Amino acid sequence: MTKKSRVPAGSLGKSDANSRVCLRGWVNRRRDHGDLVFIDLRDRSGITQVVFDAQFLPSPELLERAKELRSEFVLEVEGEVILREKEAINPDLKTGEIEVRATGLEILNRAETPPFPIEDEVRASEDLRLKYRYLDLRRPEMTRNFILRSDVTYRVRQLLHAEGFLEVETPILTKSTPEGARDFLVPSRIHRGKFYALPQSPQLFKQLLMVSGLERYYQIARCFRDEDLRADRQPEFTQIDLELSFPDEEDIYELIEKLFVAVFPPNGIPCEAPFRRMKYAEAMERYGIDRPDTRFGLELSTLDASASPSEILKKAQIVKGFAVPGGAGFARKRLDDLEFQAKNLGAGGLIWIKLDASLPGGWNSNAKKVLNEETIAAFRGKLQAADGSLLLVVAGKEKSVNDTLSTLRAQIGREEKLIPEGRYDFLWVTDFPLLEWHEDDGRWYATHHPFTSPKPEDLDYLETDPGRVRARAYDVVLNGMELGGGSIRIHRQDVQSRIFSRLGIGPEEAREKFGFLLDAFRYGAPPHGGLALGLDRMLMILAKAGSIRDVIAFPKTASGTCLMTESPGPVASDQLTELGIQIRPPQAGS
RNA sequence: GGGGUCGUAGUUCAGUUGGUUAGAACGCAGGCCUGUCACGUCUGAGGUCGCGGGUUCGAGUCCCGUCGGCCCCGCCA
């Protein structure tokens with residue numbers, strides 16, 4: 001018996017009329033009219049209506065079998081494609097002009113009633129969807145996300161291959177490194193008491209591949225970070241990771257812009273190169289964040305509070321704010337909520353000022369004591385605020401002021417629907433500081449990572465004024481989301497050692513943790529640099545998904561578990577014994 | 001670690017001031033139906049109100065604890 005060749009259900013149309021076809025797929029829905037039974041048959045490509053019509057069936061037994069069909073049964077249907085009568089055409093269905101009149105039916109597998117209906121309009125809660133993920137992925141909108149994901153990685157590989165990049169795999173079992181995120185550890189059986197770490201990124205390996213002379217490397221690389229999750233963060237995620245030898249920043253910008261142009265427009269999102277550029281300092285001043293959403297206004301300004309009657313305001317490290325046009329009409333409850341949030345975000349407080357000509361004095365505020373006419377005038381002038389505006393002002397340390405205002409700005413932008421639909425602002429953020437000071441443990445940390453090259457002209461501030469050293473680092477930002485980042489790396493052993501020492505990593509520790517890298521740099525390391533893109537976040541935007549989970553086939557919950565496999569799970573005690581591991585009960589008070 | 005929110009039938013939800021037998025829609029099972037496409041129609045089954053404790057004559061409802069989902073802060077070079 002020869003195998004019948006199968007046709008994708010979603011591909012059928014008028015031009016297939018009168019042809020005999022074989023379909024294989026799932027029962028999406030059944031409509032039983034007695035001697036007439038309709039089945040919507042679904043496969044990856046789409047849906048086609050199959051009709052079992054007593055008038056046309058070769059045997060009555062076939063109708064009996066059609067009546068047995070239930071949701072999600074797996075079928076093979078043979079039949080003839082026929083044009084539907086004009087009145088019977090379904091304009092909502094891609095294949096709605098035709099139907100398949102069945103002449104043969106084989107039930108390949110029966111199915112229990114699924115715990116939730118397989119349809120686009122999600123009615124099931126997310127935990128149920130995650131538990132039965134294989135059913136969730138049957139829903140066409142989810143299937144579509146993975147078709148998209150595959151399309152994107154295909155285009156990326158195609159472009160990078162054409163640009164002379166080699167796809168190279170790097171180890172998943174590797175070495176724990178200081179700095180950065182918490183590592184996932186894997187105990188070694190052979191070397192009792194020692195651990196591998198899963199890579200936070202292939203950073204060091206790709207640099208070593210440059211020393212190897214591969215010149216252009218890329219990888220669609222899984223990365224692991226043992227930190228708490230968010231709507232756009234998973235403990236394992238995928239980066240498009242790349243590195244090249246002898247580049248400058250412009251080479252990287254050009255390459256990534258080319259890559260985005262190859263990926264976004266074919267998937268319906270406009271993307272024009274070259275992208276706008278903004279220096280880190282400007283982004284922080286105008287938006288209070290290093291990944292500004294430039295699709296809407298509400299820009300921040302530093303304000304002059306020198307005329308304030310309040311010492312607190314006058315002595316604050318910085319006073320910044322922004323104006324919400326029309327915001328003078330905000331309800332008191334909403335202002336209280338904003339104030340509550342500001343405090344939760346680490347601000348000492350939030351000053352709101354309503355500019356309303358009909359009020360006595362023309363304004364009102366929750367902080368009249370610290371304000372006077374002169375201060376209001378200064379704020380208002382700087383923010384160019386018209387009557388009817390709401391001013392939101394925060395004073396304090398620069399970091400908390402910026403954190404608070406940038407979050408409030410994003411929130412109000414969303415709530416007031418100031419973000420234009422269909423707009424996509426690609427942006428390079430450049431000139432990051434190389435180092436940042438951490439108050440809690442009183443030391444400098446690498447803003448990007450410890451292998452980022454300082455700007456040569458700033459190198460000598462490294463010892464005298466470390467905060468002033470700028471890095472040859474860049475981020476690519478889309479609509480306020482960091483899609484990726486990278487840098488030109490250090491390729492000289494002496495500069496790398498100076499950075500380590502600035503970070504408080506002494507020669508001994510540097511040798512222990514990164515000896516292989518420092519050794520490699522002694523044998524002719526080319527200048528090199530690269531970038532990594534968050535593939536999942538890119539797909540989130542391309543798929544217009546609300547969560548990173550919708551573009552990852554088998555994601556974890558917010559608490560890092562998998563509801564389908566129930567991982568993480570316990571292991572047998574002899575597995576632990578073999579590894580020399582003993583589980584301690586949680587200590588009281590620890 | 002902290003804040004917010006949700007948890008009631010297979011699913012999505014409603015459930016008043018604490019009060020009789022916890023409801024609806026969809027789904028499911030059986031019957032009828034030849035042009036449906038969210039088919040229609042008749043009948044029926046289906047509940048550990050997340051879990052544990054407490055208050056009370058009486059708890060889905062109030063209190064305490066706990067578990068789980070989601071969002072945010074911290075964290076994520």
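Descriptive notes on the structure:
- Acute angle (nearest 10 degrees) that the helix A:249-263 long axis makes with the longest principal axis of chain A, alpha-carbon atoms: 30 degrees
- Largest-first ordering by accessible area, 1.4 Å probe, given options A:K320, A:K67, A:K94, A:K544: A:K94, A:K544, A:K67, A:K320
- Label-point separation in nm, A:L359 to A:D337, each point 7 Å along Cα→Cβ: 2.0 nm
- Distance between the pseudo-spin-label points of A:T153 and A:E311 (7 Å out from Cα toward the beta carbon): 6.3 nm.
- Region A:89-116 residues near the modelled A:R31 label - backbone nitrogen below 17 Å, point 7 Å along Cα→Cβ: A:89-102
- Averaged per residue, region A:204-361 has 46 square angstrom of accessible surface, using a 1.4 angstrom probe with ligands and nucleic acids left out.
- In chain A, the longest principal axis of the Cα atoms and the axis of helix A:332-344 are about 70 degrees apart.
- Using the Cβ-Cβ distance between A:E457 and A:K382 with R0 = 35 Å, the FRET efficiency computed as 1/(1 + (r/R0)^6) comes to roughly 0.60.
- Sequence-distant contacts, meaning Cα pairs under 8 Å at least 6 residues apart, place the relative contact order of chain A at 13 percent.
- From most to least packed by mean Cβ count within 10 Å, the peptides A:40-48, A:260-268 give A:40-48, A:260-268.
- Global form of region A:187-341, assessed from the alpha-carbon gyration tensor, a/c cut-off 1.5: prolate
- Length released on extending from A:E436 to A:D494, taking residue separation times 0.36 nm less the Cα-Cα span: 18.7 nm
- Summing charges over neighbours of A:G164, with a neighbour being any other residue whose Cβ is under 15 Å away from its Cβ, gives -3 when K and R count +1 and D and E count -1.
- With contacts taken as Cα pairs under 8 Å and at least 6 residues apart, region A:1-56 reaches a relative contact order of 33 percent.
- Shape of region A:261-382, Cα gyration tensor, a/c cut at 1.5: prolate
- Unit Cα scatterers, Debye sum, region A:112-233: log10 I(q)/I(0) for q = 0.18, 0.21 Å⁻¹: -1.06, -1.14
- Cross-link table A:K279/A:K320; A:K279/A:K382; A:K343/A:K369; A:K333/A:K382; A:K258/A:K279, entries beyond 25 Å C-alpha to C-alpha: A:K333/A:K382
- Those GluC sites (Glu not before Pro) in region A:382-462 that DSSP places in a loop and that have at most 15 other beta carbons within 10 Å: A:E416, A:E421, A:E439
- Between A:R6 and A:A88, the distance separating the two model label sites (each 7 Å from Cα on the Cα→Cβ line) works out to 2.6 nm.
- In region A:343-426, Cα pairs under 8 Å separated by at least six residues give a relative contact order of 34 percent.
- Residue (of A:F73, A:V186, A:L303) at the positive-pole extreme of chain A, dipole from beta-carbon charges: A:F73
- Shape call, region A:491-590: gyration tensor on alpha carbons, a/c limit 1.5: oblate
- DSSP beta bridges in chain A [antiparallel fraction, %, rounded to 5]: 90 percent
- Protein heavy-atom surface of region A:455-495, 1.4 angstrom probe: 43% of the accessible area is carbon and sulfur, with nucleic acids and ligands not counted.
- Label point at A:K399 placed 7 Å out along Cα→Cβ; residues across region A:464-491 whose backbone nitrogen lies under 17 Å: A:466-469
The values are calculated or read from the model by the stated rules, or taken from the named source; none is laboratory data. Everything numeric here is computed off the predicted structure, so don't read it as measured data. Glycine gets a Cβ as well: all are built from the backbone with ideal geometry, and neighbour counts include every protein chain shown. In case anyone asks, the SASA skips ligands and DNA or RNA and just uses the protein heavy atoms, side chains included. Shrake-Rupley method; radii C 1.70, N 1.55, O 1.52, S 1.80 Å.
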